[in-house]
1. Run the accessible area of the chain with a 1.4 Å probe and give the carbon-and-sulfur part as a rounded percent.
2. Accessible area per residue for the chain in Å², computed with a 1.4 Å probe and the full protein assembly in place, what is it?
3. Ranked highest first by average number of other Cβ atoms within 10 Å, how do 308-314, 159-165 line up?
4. With every protein chain left in place and a probe of 1.4 Å, what is the accessible surface of R234, to the nearest 10 Å²?
5. What per residue convex hull volume, in Å³, do the alpha-carbon atoms of the range 191-230 yield?
6. Enter the accessible area of W315 (Å², nearest 10), with the probe set to 1.4 Å and all protein chains included.
7. Which entries of K20/K237; K37/K303; K181/K276 show an alpha-carbon separation above 32 angstrom in the structure shown?
8. Mind giving me the nanometre distance, one decimal, between the label points for D28 and R275, set 7 Å out from Cα along Cα→Cβ?
Amino acid sequence: MHWQRVYTVVGVHAEGEYAKVVTGGLVDVPGQTMFDKMRHLRDHADGLRKFLLYEPRGAAVHSANLVLPSHHPEAALGYIIMESEEYPPMSGSNTISTVTVILETGILPMQEPVTRLTLETPAGLIDLTCRCRDGRVRQVQFQNVPAFVQHLDTPIEVEGAGTIRIDVAYGGMHYALVDAKTLGFRITPDEARDICTIGQKIRAAARAQLAVVHPENPEIRDVTITEFMGLVRRKGKGLTARNTVVVSPGRLDRSPCGTGTSARLAVMHARRQIRKGERFDHESIIGSHFLAEVVGTTRVGAKPAVVTTVAGRAWLTSIGQYGYDPDDPFPEGYTLSDTWHRAI
């Protein structure tokens, strides 16, 4: 064996959504902020994302996270999220997975019963409250970057489906949110492939037909992900609903989706469907849960926004090393259209 690059990678899932967290082998990435570092990787070193996520080392159904030093005085560390087709500024399930790895592998000290820390993402600072017992992280609650609505009940023309009305909201990335029932979906596992097919068409139509630009960072733009919303109903003193999110190249988030939950709370708050402090239990297509609430209001540029918290749990599944042999004919991997819907 002769490897030129070696990375220590921890496998972890947050309420069913699998991720890799790179904890060794990468010292740092050029840039002052995590957004700068993300942009450097995207524009100059995208081979690392492909190496970790493309076949034969990866698959279409998970993400990767890089734990990096932060220059921000309030942040203990930073991390960059890499998905199959993009670098999202923020991801809830990846946040829960990454901080669980950071604490359970001893990168940062765990304090029981509660560890509080701040991490830097490309979207901004994320405050975390981790409930810990017996050396394990039992729950992670993060306060997300502000979430806000860009479009509400807006018609778009979708190939093969006609006119569909969607909301567009930012919760760490821009979501097209659609009422699942209007398209005949109950959000059950047997519908997964059909949801992915129409979800990608909605994403493409929204990107082509709607102007979507973050008011404070023009580089965060366009709808990149589609969320199917189930019926909101009363559950005890709070609310609950089912949802699923289509992640490119066309697969479902297994978790209830953290940034999608924040985006949905922004829409619900704009429609006066939820009050500040009211608990929202968001359920995934496989029956896992994130607990969320609106804890405050603010503004992002001229837009009204909500401050949300989202809570869930992650479980470590593996620890290993990924290596690159200089004779390997696929140093950046490959994709095939049978699972990736494209070939590279």
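1. On the way: 7050 of 14180 Å².
Carbon with sulfur: 50 percent of the solvent-accessible area.
2. On the way: 14180 Å² over 344 residues.
That works out to 41 Å² per residue.
3. Values: 308-314: 24.1, 159-165: 11.4.
Descending packing order for the listed peptides: 308-314, 159-165.
4. 140 Å²
5. On the way: hull volume 3.2 nm³, N = 40.
Taking only Cα atoms, the range 191-230 has a hull volume of 79 Å³ per residue.
6. Ignoring ligands and nucleic acids, W315 comes out at about 80 Å².
7. Numbers: K20/K237 36 Å; K37/K303 27 Å; K181/K276 27 Å.
Beyond 32 Å between Cα atoms: K20/K237.
8. 4.9 nm
The values are calculated or read from the model by the stated rules, or taken from the named source; none is laboratory data. Everything numeric in this text was worked out from a predicted model, so none of it was measured. Glycine also receives a Cβ, built like all others from the backbone with ideal geometry; neighbour counts cover every protein chain displayed. These accessible areas exclude ligands, DNA and RNA; they are computed on the full protein's heavy atoms, side chains included. Shrake-Rupley method; radii C 1.70, N 1.55, O 1.52, S 1.80 Å.
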